[in-house]
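One structure is given here, and the rest of the page talks about it.
The values are calculated or read from the model by the stated rules, or taken from the named source; none is laboratory data. Since the model is a prediction, treat every value here as computed from it, not as a measurement. Don't worry about glycine lacking a Cβ; one is built from the backbone with ideal geometry, like all the others, and counts go over all protein chains shown. Surface accessibility is based on the protein's heavy atoms, side chains included, excluding ligands, DNA and RNA. Shrake-Rupley method; radii C 1.70, N 1.55, O 1.52, S 1.80 Å.
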Amino acid sequence: ALQDKYGGMLHRQFVSDFTAYSEKCFELFGDRVKQWITFNEPSCICVLGFGLGMHAPGRAESPGTEVYLSSHHLLLAHAYSVDSYRKKFQKKQRGVIGITLNSEWWEPVSNHAEDVNASLRAMNFTLDFYAEPIWGGKGEYPKTMRDSAGSRLPAFSEAEKKLISGSSDFFGLNHYSTRAAGRPNVLTALKCLPREISTLWTGMGSAGAFVNAIKPMVNPFKTSYFKDMDISPYPDPPGTKYTTMRWAIAPTGFRKLLKYINDKYHPKGGIIVTENGLATQEDTVEAMKSDVDSIRVPFFKGYLSEMHKAITVDGSDVRGYYAWSFMDNFEWSFGNNKRFGLVRVDYETLERTPKPIAHWYKKVMDSNSIHIEIKGK
């Protein structure tokens, strides 16, 4: 409705409307809800919604401006909502409020300075885009983004900088995978092209949407958030295993990401991993049961063990972890065909069946421990 009324997140009015909506939620539910997240995965909302058209509102016409403008208004809506909660509700309701960011870990393809810098640029354009204004101490976007996008990237006023800086009681993090990045390279880009096209095509839903998404990327006269990033994705190492989302399973990247966040931002309230998990192919209940979770259990064991190292070896301040998800869910534009749940849902009968991973994860929760062998640091 707001998209049709005034352009939704592309209009400053969205900030006021979202803040009013937030206040109504605090008023109605704050006596029971003690943990608030203003926005979940801003990058998915703004980059996929206004850069690729993969998610609502399905726009890809101006990724060189709309990704930045929608993100700017999202962050302001977050900041004003948090300010309202802290001033009007927090003392009485005794809750906490923050935001959850989604991020891959971008691993440099080599130790060459240009490849390392490229991987850091990727981190700047994905995680730091939303983290730097909140936890960076100055209420500003990363310098690399300002240098690349110039005036296309909006700026906060001095009052807004103070408002957004520190506007989260914890660092919410959703993490699923790791990617390799390096300096722009045409040959490497061509090698990765089939995978990139396949991923994009799967998520678009129609040929028209797919064409609209790639037009700005191949048009030399069109600006784009993706061109501004100025990196090349590189193929994953040989032997890499994938989820049905075609996301690489790479637990060591999780540890590196946690250390990166902790060392760069030292977030007050620590890091809370609000999502981590995987989707697998489970066409029938019988197939799900017979599998005995040969993929899911190793996945969670690997990621939990690397989180343990991040805490005990690296000193990362991780204070919470949530497996995604409790049961199979409606997964953005993919609908019901990507099964992330610990519990399987029959979408015809709505019958719920715990998967083998559910019993394993229950033991982890009951003991608050996992039996692993730490081989060095």
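The lone criterion from (1) open to solvent by less than 40 Å² (accessible area, probe 1.4 Å); (2) in a helix (DSSP H, G or I); (3) in contact with a Ser or Thr (Cβ under 6 Å, 6 or more places away or on another chain) left unmet by Arg121 is number (1).
Listed by position, the helices (runs of 4 or more DSSP H) inside segment 129-170 whose residues that are out of contact with any strand residue (DSSP E or B) (no Cβ under 7 Å at 6 or more places or on another chain) and charged (D, E, K, R) number at least 3 are 143-149, 158-164. State yes or no: is Thr65 over 23 Å from Val211 (Cβ atoms) and either open to solvent by less than 10 Å² (accessible area, probe 1.4 Å) or out of contact with any Asp or Glu (no Cβ under 7 Å at 6 or more places or on another chain) (or both)? No; evaluated as a whole, the condition is false for this residue. Only one of the listed residues (Gly49, Gly64) is within 27 Å of Met123 (Cβ to Cβ), part of a loop (DSSP other than H, G, I, E, B) and of a type outside the set (Val, Ile, Thr). That residue is Gly64.
The set of residues from segment 136-151 being open to solvent by 30 Å² or more (accessible area, probe 1.4 Å) and touching a helix residue (DSSP H, G or I) at 6+ places or on another chain (Cβ under 6 Å) comprises Thr144, Ser148.
Residues are listed down the side, and each one gets a yes or a no for (1) without any contact (Cβ under 8 Å) to a residue 60 or more places away in the chain; (2) touching a Pro at 6+ places or on another chain (Cβ under 9 Å):
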position: Leu52; (1), (2): no, yes
position: Glu61; (1), (2): no, yes
position: Asp83; (1), (2): no, no
position: Gln90; (1), (2): yes, no
position: Glu104; (1), (2): no, no
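Against the numbered list (1) within 27 Å of Tyr141 (Cβ to Cβ); (2) open to solvent by 10 Å² or more (accessible area, probe 1.4 Å); (3) not acidic (Asp, Glu), Val273 comes up short only at (2).
Looking across segment 189-238, the residues that are assigned to a loop (DSSP other than H, G, I, E, B), among the small types (Gly, Ala, Ser) and within 29 Å of Phe340 (Cβ to Cβ) come down to Gly205, Ser206.
Close Cβ contacts (under 9 Å, 6 or more residues apart or on different chains) running from residues in segment 313-336 that are aromatic (Phe, Trp, Tyr) to residues that are outside any loop (DSSP other than H, G, I, E, B) and open to solvent by 40 Å² or more (accessible area, probe 1.4 Å) comprise Phe334/Thr202. Considered as a group, the residues in segment 315-366 that are among the charged types (D, E, K, R) and under 23 Å from the mean Cα position of the chain (by Cα) include one that is farthest from Met288 (Cα to Cα), and that residue is Asp317. In segment 18-39, the condition of being part of a helix (DSSP H, G or I) and touching a Leu at 6+ places or on another chain (Cβ under 6 Å) is met by no residue. Would a scan of segment 364-375 turn up a residue that is farther than 29 Å from Cys44 by Cα, in contact with a helix residue (DSSP H, G or I) (Cβ under 6 Å, 6 or more places away or on another chain), open to solvent by 30 Å² or more (accessible area, probe 1.4 Å) and in a loop (DSSP other than H, G, I, E, B)? Scanning segment 364-375, I find at least one residue that is farther than 29 Å from Cys44 by Cα, in contact with a helix residue (DSSP H, G or I) (Cβ under 6 Å, 6 or more places away or on another chain), open to solvent by 30 Å² or more (accessible area, probe 1.4 Å) and in a loop (DSSP other than H, G, I, E, B), so the answer is yes. Within segment 21-70, the set of residues being among the β-branched types (Val, Ile, Thr) and touching a His at 6+ places or on another chain (Cβ under 6 Å) comprises just one member, Thr38. Checking each residue in segment 262-279 for being within 22 Å of Phe340 (Cβ to Cβ) and either in contact with an Asp or Glu (Cβ under 8 Å, 6 or more places away or on another chain) or in a helix (DSSP H, G or I) (or both) picks out Ile271, Ala279.
Residues checked against (1) without any contact (Cβ under 8 Å) to a residue 40 or more places away in the chain; (2) in a loop (DSSP other than H, G, I, E, B); (3) closer than 24 Å to Phe170 by Cβ:
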residue	(1), (2), (3)
Thr240	yes, yes, no
Tyr260	no, no, yes
Glu282	no, yes, no
Glu286	yes, no, no
Lys289	no, no, no
Ser294	yes, yes, no
